[in-house]
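Student: Before I ask anything, let me first share the structure, which is written out below as structure tokens.
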Amino acid sequence: MRTVHSLKELRAILRGYRQQEKTIGLVPTMGNLHEGHISLVRKAAEAADIVVTSIFVNPMQFGANEDLDTYPRTLIEDQEKLSAAGNTLVFAPSADEVYPDGLARHTRIVVPEVSDGHCGASRPGHFEGVATVVSVLFNMIQPDFAVFGEKDFQQLAVIRKMTRDLMMPVEVIGAPTVREEDGLAKSSRNGYLSEQERIIAPAIYQALQTTSEKIANGRDDFPVLAQEAGDSLREAGLRLDYFNIANSQTLKPAAPEDREVTLLAAAFLGTTRLIDNISVTR
Ligand code: PAF
């Protein structure tokens, strides 16, 4: 498995694969890979001949008070995991390679409506940063497929909409969330949790599950359900960012007639912000 850092080298290698009519699957990541990422690589390998995993901690999607500087950078360990999972190529560009004129001068992609609310409300500019870097990566790599985790439900919706609106010839594939045994969604940020916080963290998934069961059993008083779930998270010792029940397509507040709804939650343990979601068909 090779690792390349420059766009020039990447394009030369990919040109060779295309001449052999190989299909290319992309797994965009920020590194510090866990089983969730590896499941994305395996899914990409099912759909494409060549799997490229990008590792780039994207400064544009971090807010001023967020964890850009402390975000774990573990390239050597990541390479070992990717090689074992059947990845073909790692693309680990520098910020200069991705944003040659600097962040402030770079063209930005704004995806309206689905970027609003939920994480978009708590993290202004976050989805602009995600959409911009994903569109740059799509243009750099020109994959046939790209695989993203459903754990970042709103991110996946933003990327699907961007790809459709800008007629990008890339098929976007969602992959199910991978969980710890106690239900906690795998995340690079779980590594920030203290022993005590780690014990509390599965409360997020429990609140999502309890609420989804209530919905499956016929309740449709969504604002009340969201309030109850939020209270249960506060009681468990988390600081609630949001607990929302949304239409799965539009991500707008769910209405009683909606068939597909998604429960989205974000909460802090200390300074660590965790997110998770569950979708329910009614
Ligand atoms: O989900 C992530 O790790 C990032 O948001 C992504 C899609 C790699 C863009 O930087």
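The values are calculated or read from the model by the stated rules, or taken from the named source; none is laboratory data. Bear in mind the structure is a predicted one, so any value in this text is a computation, not a measurement. Glycine also receives a Cβ, built like all others from the backbone with ideal geometry; neighbour counts cover every protein chain displayed.
Student: Determine, yes or no, whether THR53 is more than 14 Å from the ligand (Cβ to nearest atom), closer than 23 Å to PRO176 by Cα and either among the aliphatic types (A, V, I, L, M) or crowded, with 16+ Cβ neighbours inside 10 Å (or both).
Tutor: In short, no.
Student: Restricted to the range 163-182, and to residues that are more than 14 Å from the chain's Cα centre (by Cα) and in a strand (DSSP E or B), which residue is surrounded by the fewest Cβ atoms within 10 Å (Cβ to Cβ)?
Tutor: GLU171
Student: Further, regarding this structure: Just wondering, is there one or more residues in the range 114-132 that are closer than 16 Å to ILE24 by Cβ and within 14 Å of the ligand (Cβ to nearest atom)?
Tutor: No - not one qualifying residue is present in the range 114-132.
Student: Out of all the residues in the range 62-83, is one or more buried (at least 19 other Cβ atoms within 10 Å of the Cβ), within 21 Å of ARG123 (Cα to Cα) and touching a residue at least 12 places away in the same chain (Cβ under 8 Å)?
Tutor: No.
Student: Within the range 16-33, how many residues turn out to be within 15 Å of the ligand (Cβ to nearest atom) and either more than 13 Å from the chain's Cα centre (by Cα) or at pLDDT below 95 (or both)?
Tutor: Within the range 16-33, residues that are within 15 Å of the ligand (Cβ to nearest atom) and either more than 13 Å from the chain's Cα centre (by Cα) or at pLDDT below 95 (or both) number 3.
Student: Provide a single number: the residues in the range 56-72 that are within 13 Å of the ligand (Cβ to nearest atom) and of a type in the set (Val, Ile, Thr).
Tutor: Number of matching residues: 1.
Student: Let me ask another. Could you say whether any residue in the range 98-121 is closer than 16 Å to HIS5 by Cβ and in a helix (DSSP H, G or I)?
Tutor: Yes, there is a match, as at least one residue in the range 98-121 is closer than 16 Å to HIS5 by Cβ and in a helix (DSSP H, G or I).
Student: Can you tell me which residues in the range 148-162 are more than 10 Å from the ligand (Cβ to nearest atom) and crowded, with 21+ Cβ neighbours inside 10 Å?
Tutor: PHE153, GLN154, ALA157, MET162
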